[in-house]
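Everything below concerns the one structure shown next.
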Amino acid sequence: MALDLETLLEGSPAYGVVDAKDGAVLFRRPGHEAAFDAIAAEVLDASGEEFEAIPLTDDNERCDRLFVAPLTESRSFDPR
């Protein structure tokens, strides 16, 4: 089953969602580290056609956030 971006951006008990310029940030909720790690792995694996996902790490080099940017919508800047 493919990962649905709309559903992903609704959040879950394991992570919250914050709107960001050109995308959204998924952040890990305390006490849900294992569930967030599983979701992050699935999101990174699905990254490519519908959206791009960039892992963001904490001081211990552990992924605690993901920046997710849709590829089908126009962006606020044009890459050079």
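The values are calculated or read from the model by the stated rules, or taken from the named source; none is laboratory data. The shown structure was predicted, so the numbers you read here are calculated from the model rather than taken from an experiment. In this analysis, Cβ positions are derived from the backbone assuming ideal geometry, glycine residues included, and neighbour counts consider all displayed protein chains.
Which one is modelled with the lowest pLDDT, of the residues in the range 47-66 that are within 21 Å of Leu9 (Cβ to Cβ) and assigned to a loop (DSSP other than H, G, I, E, B)?
Once the filter is applied, the top-ranked residue is Glu49.
Determine the pairs where a residue that is over 21 Å from Ala35 (Cα atoms), located within the range 63-77, has a partner that is at pLDDT below 70 with Cβ atoms under 8 Å apart, the partner being 6 or more residues away or on another chain.
The qualifying pairs are Ala69/Arg75.
Can you name the residue in the range 2-46 that is among the β-branched types (Val, Ile, Thr) and outside any strand (DSSP E or B) and is also surrounded by the fewest Cβ atoms within 10 Å (Cβ to Cβ) among such residues?
Per the stated criteria, the residue is Thr7.
Scan Glu33, Glu50 and give me the residue that is over 12 Å from Leu3 (Cβ atoms) and of a type outside the set (S, T, N, Q).
Sole residue among the options that is over 12 Å from Leu3 (Cβ atoms) and of a type outside the set (S, T, N, Q): Glu33.
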